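For reference, the structure discussed in these notes is given below.
The values are calculated or read from the model by the stated rules, or taken from the named source; none is laboratory data. Everything numeric in this text was worked out from a predicted model, so none of it was measured. All Cβ positions, glycine included, derive from the backbone under ideal geometry; neighbour counts span all protein chains shown. Areas reflect the complete protein model, heavy atoms only, side chains present, ligands, DNA and RNA absent. Shrake-Rupley method; radii C 1.70, N 1.55, O 1.52, S 1.80 Å.
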Amino acid sequence: FLVIFGIIAYLLFAAFIRDIKLRSKSQKEKLGKYLTTMLKNTILVLVILGIILIFLSMLGFRYADIFVFIFFIIFIFVIILFIFYTPLKNAISGIIILSTEPFVEDDYISVQNEIEGTVFNIKLLYTEIKDSRGKINLIPNSKLLEKNVRVVSSPGKNFPVRVEVTVKSE
C-alpha cells in the first residue's frame, strides 16, 4: 500500500509540474525541474522508511520499539532542518521567485539602491546579477524577497514614461 501511495502521489505531483510547464516561461521550466527532483527524493525517502518499518514489524519488534524508531527519525529530521535553515529559506524563496516572476533573466534591477545590474541567472538558492563593470554578484534569494527590488528596465516589456514639457504662453 505504501508503494502504491507513493506512486499515486508522484503521478499527481508530476501532473502538477506538467501543468506549470504548459503555462510557463523559461523560469517555470527551472521550477518544474527543481520541484520534480525534490518530489522524487521525498517520495524515495518515505518509501524506504515505510519499508524499514514493515520489516521491523515482520522481524517481531514491538510497536513501542517502532514508535521509538519513528521518534528518533523525526528528531534527526528536526535537527537537519535547524542545521540547513538558511539553504532551505533560500530554496523556498527561490521557488517563490521562479513561480511569481517579479523579475526574469535580462531584467535590469536595483536591490534597495545597493546593487544594480542585469539579472544573469536565477537559481534555486541564489540569483546572479551582473553589474555595469561585468562583475557577477550572487544574491541569496531570501534577501531578494526581504529587500526592496525595483525593475528598472525589462527587454520586451513596456513601462510607462512620463515626460513633462514646459511651454511659454506666447
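Among the residues that make up the stretch 21-41, is at least one of them assigned to a helix (DSSP H, G or I), surrounded by fewer than 16 Cβ atoms within 10 Å (Cβ to Cβ), aliphatic (A, V, I, L, M) and modelled with pLDDT under 80? Yes: one or more hits. Could you please let me know if F103 is surrounded by fewer than 16 Cβ atoms within 10 Å (Cβ to Cβ), of a type in the set (A, V, I, L, M, F, W, C) and within 20 Å of the chain's Cα centre (by Cα)? Spelling it out, it is not the case that F103 is surrounded by fewer than 16 Cβ atoms within 10 Å (Cβ to Cβ), of a type in the set (A, V, I, L, M, F, W, C) and within 20 Å of the chain's Cα centre (by Cα). Quick one: is K89 in contact (Cβ under 8 Å) with a residue 24 or more places away in the chain, open to solvent by 70 Å² or more (accessible area, probe 1.4 Å) and either out of contact with any Asp or Glu (no Cβ under 8 Å at 6 or more places or on another chain) or more than 30 Å from G134 (Cβ to Cβ) (or both)? Criteria met by K89.
Applying the set (1) among the hydroxyl-bearing types (S, T, Y); (2) open to solvent by 60 Å² or more (accessible area, probe 1.4 Å); (3) closer than 26 Å to L35 by Cα to S132 leaves exactly one unmet item: (3). I48 meets all of the listed conditions (1) surrounded by 10 or more Cβ atoms within 10 Å (Cβ to Cβ); (2) closer than 22 Å to N141 by Cβ but one, namely (2).
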